[in-house]
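Student: Submitted below is the structure of interest, expressed as structure tokens.
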Amino acid sequence: SLVKNPEMRLTKLLTVASFAFCLASLCQCRYTPDWASLDSRPLPAWYDQSKIGIFIHWGVFSVPSYHSEWFWWDWQGTDKQKDVVNFMKQNYPPGFTYADFAPKFKATFFNPDQWAELFDSAGAKYVVFTSKHHEGYCNWDTAYSFNWNSKQVGPNRDLVADLAAAIRKRPGLRFGLYHSLYEWFNPLYQNDQRSQFKTRDFVLSKTMPELYELVNRFKPDVVWSDGDWDAPAEYWNSTGFLAWLYNDSPVNDSVVTNDRWGKGVMCNHGGYYTCQDRYNPGILQPHKWENCMTLDKQSWGYRRDARLADYLTPQELLSTLATTISCGGNLLVNVGPTADGTIDPVMEERLRQLGSWLRTNGEAVYNSTPWSRQNDTATSGVWYTQRAGSVYAFLLTWPANDRLLLGSVAMATNVTLLGHPKRPAFSATPKGLSVALPSLDGTGLRWAWVLRLDGVKPPKSAERPRIFEPMPNREFDRL
């Protein structure tokens with residue numbers, strides 16, 4: 001009948017060809033458990049557009065709230081810290097164990113809706129919450145950490161579930177989870193370590209089941225892995241998990257991941273790169289990256305003995321933001337809540353100050369991309385982004401005599417100081433664009449300022465901006 005009816009035959013052939021094409025397309029969209037395939041996955045656009053997230057380090061370490069979130073390791077690990085050892089001797093009886101801190105982790109005043117309101121007000125677009133740190137204590141009701149989780153000891157509630165629900169009430173916020181692959185003192189992990197990771201009992205019975213459970217239950221848009229550096233990715237089965245995450249998980253289309261999936265993987269493979277804590281290279285990077293940093297300069301977890309000088313000032317926070325996004329990064333701002341579940345007023349103030357500034361200057365931040373120049377060639381402390389045809393210049397210090405020279409801009413057709421009612425006067429000069437800035441008196445504009453430049457032409461000169469040199473990584477920069 002096909003021979004007698006060429007039209008029907010053609011229709012069937014087209015149908016078969018279409019089906020084969022769909023199958024081929026489907027195969028191309030599935031990722032295999034190897035880095036070449038996984039690294040080919042496009043990063044979901046929402047992440048780059050967001051620019052700013054909130055990191056939260058909260059756990060049993062918030063009870064002693066001394067030194068850092070590595071308190072247990074610094075007390076009883078192989079690299080004992082003398083001040084932590086003395087702290088325990090002076091304040092706790094002999095025989096006191098780290099597990100004895102857990103019942104004191106009460107989260108008495110934890111109000112997830114208040115947290116969500118604060119993060120939303122801060123201008124963040126995503127939140128990454130510690131599901132489990134290296135101590136192994138889980139902040140959710142899990143079947144894989146008996147009597148060492150927030151439902152069974154301490155708060156007696158599922159902290160991950162509570163915060164996820166509150167965050168998702170805010171349309172502008174996405175919810176993500178931090179998870180430590182390893183645990184300092186878990187016997188299963190220690191046994192695998194002694195075998196030089198030829199055995200995988202810890203991975204098969206603990207850390208991978210946790211990850212699958214977290215993704216299936218809470219559907220995070222960020223999976224922020226850590227604790228990877230001792231063992232190779234093959235031990236963790238990282239590529240197998242990521243292939244499932246990208247292909248078949250309930251968040252396969254939206255989820256983003258970082259680069260901490262095994263020894264030697266960081267800054268080489270993964271969804272976006274972190275490279276090191278407080279990573280801020282100061283030059284444009286070829287791969288999407290994130291600067292995870294802390295409001296407390298010395299710790300990711302809460303410290304009772306922190307002084308005001310230990311916290312970033314609003315100027316320092318905004319400087320970090322500008323230098324990060326101008327070079328293509330996202331900024332992940334960390335807070336460490338107290339064991340009671342409150343966020344220290346100093347940290348709250350910094351976040352609200354950030355949000356206040358963003359309500360005036362957010363157009364230079366959200367959905368922006370790096371410009372052809374990252375920082376200015378003539379004036380230090382000036383950084384650039386671009387969006388919707390406009391170039392934005394971030395001024396981290398106010399120029400003397402209200403006069404600004406932009407060496408990276410040859411000319412512009414319009415200049416606006418965001419949030420200011422008066423337009424700056426400007427003119428093209430042989431050295432760049434000269435801008436006469438209006439007075440700030442009575443405007444309330446402070447900390448850092450942004451100029452929107454329309455009709456910009458960069459100079460013909462091949463001179464490039466000076467390379468920004470970030471502060472060196474401190475020894476305590478450990479997640």
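The values are calculated or read from the model by the stated rules, or taken from the named source; none is laboratory data. Predicted model, so just to flag it, every value in this text is computed and none were measured. Reconstructed Cβ throughout: ideal geometry from the backbone, glycine too, with neighbour counts over all protein chains shown. Note: accessible area is taken over every heavy atom of the protein model, side chains too, but ligands, DNA and RNA are not part of it. Shrake-Rupley method; radii C 1.70, N 1.55, O 1.52, S 1.80 Å.
Student: Please work out which residue is most open to solvent (accessible area, probe 1.4 Å), limiting yourself to segment 103-159 and to residues that are in a loop (DSSP other than H, G, I, E, B), of a type in the set (A, V, I, L, M, F, W, C) and in contact with a Gly (Cβ under 8 Å, 6 or more places away or on another chain).
Tutor: Phe109
Student: Given the criteria small (Gly, Ala, Ser), under 17 Å from Asn361 (Cα atoms), open to solvent by 40 Å² or more (accessible area, probe 1.4 Å) and at pLDDT 95 or above, does Gly444 qualify? I'd like the intermediate steps shown before the answer.
Tutor: On the way: small (Gly, Ala, Ser): yes; under 17 Å from Asn361 (Cα atoms): yes; open to solvent by 40 Å² or more (accessible area, probe 1.4 Å): yes; at pLDDT 95 or above: no.
Judged against the criteria, Gly444 is not a match.
Student: Right, something else. Since Asp79 meets every condition but one in (1) open to solvent by 60 Å² or more (accessible area, probe 1.4 Å); (2) at pLDDT 95 or above; (3) acidic (Asp, Glu), which condition does it not meet?
Tutor: (2)
Student: Taking only segment 336-369 into account, find how many residues are part of a loop (DSSP other than H, G, I, E, B), closer than 30 Å to Tyr137 by Cα and under 20 Å from the mean Cα position of the chain (by Cα).
Tutor: Keep residues of segment 336-369 that are part of a loop (DSSP other than H, G, I, E, B), which gives 336-344, 365-368.
With the extra rule that they be closer than 30 Å to Tyr137 by Cα, the set shrinks to 336-344.
Those left that are additionally under 20 Å from the mean Cα position of the chain (by Cα): 336-337, 343.
So the count comes out to 3.
Student: Can you pull out the residues in segment 249-265 that are touching a Ser or Thr at 6+ places or on another chain (Cβ under 9 Å) and over 14 Å from Trp236 (Cα atoms)?
Tutor: First, the residues of segment 249-265 that are touching a Ser or Thr at 6+ places or on another chain (Cβ under 9 Å): 255, 257-262, 265.
The answer is Val255, Thr257, Asn258.
Student: Of all residues being of a type in the set (Gly, Ala, Ser) and on the phi > 0 side of the Ramachandran plot in segment 400-441, which is most open to solvent (accessible area, probe 1.4 Å)? Just the residue, please.
Tutor: Taking segment 400-441 and keeping what is of a type in the set (Gly, Ala, Ser), we get 400, 407-408, 410, 412, 419, 425, 427-428, 432, 434, 436, 439.
When the remaining residues are screened for being on the phi > 0 side of the Ramachandran plot, the result is 419, 432.
Working: Gly419: 53, Gly432: 4 Å².
Among them, the one singled out is Gly419.
Student: Only one residue in Trp261, Trp300 is open to solvent by less than 10 Å² (accessible area, probe 1.4 Å), under 15 Å from the mean Cα position of the chain (by Cα) and either in the same structural domain as Val128 (by the TED database) or modelled with pLDDT under 95 (or both), so which one is that? Can you show your working first?
Tutor: Numbers: Trp261 fails: under 15 Å from the mean Cα position of the chain (by Cα).
One residue alone meets the criteria, Trp300.
Student: Can you tell me which residues in segment 194-219 are touching a residue at least 60 places away in the same chain (Cβ under 8 Å), open to solvent by 40 Å² or more (accessible area, probe 1.4 Å) and not hydroxyl-bearing (Ser, Thr, Tyr)? First the steps, then the outcome.
Tutor: First, the residues of segment 194-219 that are touching a residue at least 60 places away in the same chain (Cβ under 8 Å): 205-206, 209-210, 213-214, 217-218.
Then drop every residue that is not open to solvent by 40 Å² or more (accessible area, probe 1.4 Å), which leaves 205, 217.
Result: Arg217, single match.
Student: Next question, about the same structure. Hey, among Asn247, Asn191, which residue is open to solvent by 30 Å² or more (accessible area, probe 1.4 Å) and assigned by the TED database to the domain that holds Lys263? Spell out the reasoning first.
Tutor: Working: Asn247 fails: open to solvent by 30 Å² or more (accessible area, probe 1.4 Å).
None of the other options fit; the residue is Asn191.
Student: Based on this model, can you work out whether Thr377 counts as of a type in the set (Val, Ile, Thr), farther than 26 Å from Leu163 by Cβ and either open to solvent by 20 Å² or more (accessible area, probe 1.4 Å) or at pLDDT below 95 (or both)? So that I can check it myself, show each step before the final result.
Tutor: On the way: of a type in the set (Val, Ile, Thr): yes; farther than 26 Å from Leu163 by Cβ: yes; either open to solvent by 20 Å² or more (accessible area, probe 1.4 Å) or at pLDDT below 95 (or both): yes.
In short, yes.
Student: So, in segment 403-426, exactly how many residues are in a strand (DSSP E or B) and either more than 17 Å from Ser380 (Cα to Cα) or aromatic (Phe, Trp, Tyr) (or both)?
Tutor: Quick first cut of segment 403-426, residues in a strand (DSSP E or B) only: 403-406, 411, 414-417, 425-426.
Now drop any that are not either more than 17 Å from Ser380 (Cα to Cα) or aromatic (Phe, Trp, Tyr) (or both), which leaves 411, 414-417, 425-426.
Number of matching residues: 7.
Student: Of the residues Ser372, Ser319, which single one is more than 30 Å from Lys104 (Cβ to Cβ) and assigned to a helix (DSSP H, G or I)?
Tutor: One residue alone meets the criteria, Ser319.
Student: Quick one: in segment 26-55, of everything that is aromatic (Phe, Trp, Tyr) and part of a helix (DSSP H, G or I), which residue is most open to solvent (accessible area, probe 1.4 Å)?
Tutor: Selected residue: Trp35.
Student: Right, another one. Provide a single number: the residues in segment 324-371 that are surrounded by fewer than 19 Cβ atoms within 10 Å (Cβ to Cβ) and of a type in the set (A, V, I, L, M). Break it down stepwise before answering.
Tutor: Within segment 324-371, the first condition is being surrounded by fewer than 19 Cβ atoms within 10 Å (Cβ to Cβ), and the residues that meet it are 340, 342, 345-346, 348-349, 352-353, 355-356, 359-360, 362-363, 366-367, 369-370.
Filter once more, so that each one left must be of a type in the set (A, V, I, L, M): 346.
Here the count works out to 1.
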